[in-house]
1. Name the residue from Ala127, Gln262, Leu150 whose Cα lies farthest towards the positive end of the charge dipole of the chain, charges +1 on Cβ of Lys and Arg and -1 on Cβ of Asp and Glu.
2. Going down the table (Lys314/Lys416; Lys383/Lys465; Lys243/Lys388), which pairs top 19 Å between alpha carbons?
3. At a 1.4 Å probe, what is the % contribution of carbon and sulfur to the accessible area of region 152-282?
4. At 7 Å along Cα-to-Cβ for each site, give me the label-to-label distance between Ser18 and His255 in nm.
5. Can you work out the FRET efficiency for the pair Ala277 and Thr446, with r the C-beta to C-beta distance and R0 = 60 Å, to the nearest 0.05?
6. Between beta-carbons, use under 12 Å as the cut-off and find the net charge around Pro145, counting Lys and Arg +1, Asp and Glu -1.
7. Using amide H atoms built 1.01 Å from N in the peptide plane, name the residues 5+ places from Leu482, or on other chains, whose amide H lies under 5 Å from its own.
8. With both bridge residues required to lie in the chain, what share of the DSSP beta bridges run antiparallel, to the nearest 5%?
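The values are calculated or read from the model by the stated rules, or taken from the named source; none is laboratory data. Please read these numbers as outputs of a predicted model, since none were measured by experiment. Methodologically, a virtual Cβ is constructed for each residue, glycine included, from the backbone with ideal geometry; neighbour enumeration extends over all protein chains shown. Accessible surface is based on the protein model in full, side chains and every heavy atom, while ligands, DNA and RNA are left aside. Shrake-Rupley method; radii C 1.70, N 1.55, O 1.52, S 1.80 Å.
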Amino acid sequence: MSPHHYGWLMQNAPSPCSVFLSRLLPIERWALLVVLGMTLARLVVAGSTLLSADEAYYWQWTHPLHLSYYDHPAMVAYWIWTSTHLLGETALGVRLPAVLSSLAVSALLWDCARIAFRSRVVGAQAALWLNCTILFGSAGIVITPDAPLLLAWSLVLWALVRLIVGGQARYIYIAGLGLGLGAISKYTMLLIMPGIVATFLLFPALRPWWRRGHTWAAALLALVCTTPLLLWNFQNNFASFSKQLNHAFASEVAHPGANLVQFLASQVGLLTPLIFAFCLWGMIWALWNGGRAKHPEWFLLGTTSLPILLFFIKHTQSGVVQANWSGPVYIAGVITAVGSWHSLSNRSRRLNWAFTAAPALGLAMTLLVYFQAVTVALPIPVKIDALKRLGGWDELAAAVHQEQLAHPGTFLFTQKHEPTGVVTFYLPDHQVVFLNGGYIRPPYYTAADVAALRGRDGIFITRDKDDGAADLAQYFAKVTPLRKVRLHWGRQFSDAYNLYLAEGYRGGNFVQGDGQPGAFDAGIAKP
């Protein structure tokens, strides 16, 4: 072959990307376009909006890192620490792990659905559907413990479906790793276990796994991964375990009916109505047909979704259930929604219009939420706009900074954790905001820091709706109002905070020791 002919072949040879795309089905190309497009949109939103109070609170956990924390395990802090050391302490630096994990979850769910239903179409559509929900669209931007939880949950389901269908032992180790990493992400990971155990007990073909060394080695791997969580609780009188157990088994409260309606409405809204309806149907279908047709992989998807959703519905009778708590349910829920539809005969698909419209409606609603988050252009009353939690924190931090300049040497404190992180994040020097009262000292300052506050003046930051300045008189020589700060979401007032000058701190208002309850700085244990 002449050099000229060789050069011509090289210039006209198809690129690896074009070869890859040519092998995809049309629906796979569409799904890939949506997944990558939504990832790009998440990057834009993540970098152009303010942190929420919870996100900044988790960012505080990285100063310094701990083995675990009172509120949640530590994985979210590890992610944020890594990202901010690479990109700096910016909104995108804090949130990048959530964006990247959403891409990884999409890939795992895509392959999990493909394997479970032996269909490339089901795999692609399931990934597309997931990315067309507001719930997943939010989890792919806002960095909370849900981000690592969803990734670990997806990894476990993917590995177990691969194990059930193919039988290779290596996948049980991946499942064990996912369970361990999920456990140090959020306690919700425990809810996947009953469904896994039930599946491997009820299906005779899977029971031999209980007698194999691989299973118990994988269980040991999961346990080793939880070492930081176990060690922190051992060192702190099992404070986090106690909190979660008390929360999970709380006694009945008033308005259980309202809690139930609020939770179900949030699921319909965040999944988008049609996708939620198909997910509910799919989860029921997977449980029934998985057992009847001897498909343990379908049954696994059903047992790790519907029973957990029912658990949260029951939990509404003892307290308010936040909309995002049930997020992992819909990993399997979306797979079963798409898979069950394609398992129906053509005669049974009377709602084909709804199946086609579901992702289109979901995508439109999700993009509308992104548009509002970046522009605040839609005339939505601030009382019903959930995105308002992203607005005004830089205004509050600027006002606090001005008062500190006017009152040199003052420390900052507040009565609730919400403003601690955002004020610290948006202050020029990231000064610590202390938390008065409480049962356990937050991890972002030390007992020595608390001891050094005696005799100093402080600036008290308190929300106007639950102003707690009247309670400070016993701890300070004098408390004087400074100003009211109005926070904005777009052109609307979204909230208001009051600032007070608290002079001559006497002690007794801040937790100094570890454990639950911790000792206060005056040496008085909380009753």
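1. Ala127
2. The answer is Lys314/Lys416; Lys243/Lys388.
3. 73 percent
4. Calculated label separation equals 6.2 nm.
5. About 0.70, to the nearest 0.05.
6. -3
7. Leu499, Tyr500, Leu501
8. 70 percent
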